[in-house]
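In what follows, a single structure is set out as structure tokens and then discussed.
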Amino acid sequence: MEITTLDPQPRSYGMGALATGASNILFISGQVPEDETGHVPETFDDQCRLAWRNVVGVLNTAHLGLENLTKVTVFLSDRQYREANARIRHEVLGGHSPALTVIITGIYDEKWLLEIEAVAVS
């Protein structure tokens, strides 16, 4: 299996991700910034890192890693979080650049400042 990023951009995303030779597709439900005890951190940075940790947890359960991500959608509760979101996404993904969409919207729980859903292949 190979993932080819189409038109890679700075800070870990591309205009597309072509998966060839893939035999499995994992659809990751929206991961929220809540830990296993129900705790939600107060700051956006902490919430963002926790939501990414939850994405990684689902990937690990499927025996996959961040390098298997082909599509990520981030829902932000406010535009003010765009820069922090991009910075932390790049911190987490490094040189991996899946296709990306960021949507500014209302979030299910008012405590949550973001939610991340994703698609991975293997």
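The values are calculated or read from the model by the stated rules, or taken from the named source; none is laboratory data. Keep in mind the model is a prediction, meaning the values are calculated, not measured. Cβ sites come from the backbone with ideal geometry, for glycine too, and all protein chains shown count toward neighbours.
Results, tabulated for the structure shown:
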{"read-out": "Complete set of residues in region 12-29 that are under 22 Å from residue 114 (Cβ atoms), modelled with pLDDT of 95 or more and out of contact with any helix residue (DSSP H, G or I) (no Cβ under 9 Å at 6 or more places or on another chain)", "value": "27"}
{"read-out": "Filtered residues of region 31-53 (kept if surrounded by 18 or more Cβ atoms within 10 Å (Cβ to Cβ), touching a residue at least 24 places away in the same chain (Cβ under 8 Å) and under 18 Å from residue 93 (Cβ atoms))", "value": "31, 33, 44, 47, 48, 51, 52"}
{"read-out": "Top-ranked residue of region 66-103 - restricted to ones that are part of a loop (DSSP other than H, G, I, E, B) and not small (Gly, Ala, Ser), ranked as surrounded by the most Cβ atoms within 10 Å (Cβ to Cβ)", "value": "98"}
{"read-out": "Matching residues, region 7-65, being within 11 Å of the chain's Cα centre (by Cα), assigned to a helix (DSSP H, G or I) and polar (S, T, N, Q)", "value": "54"}
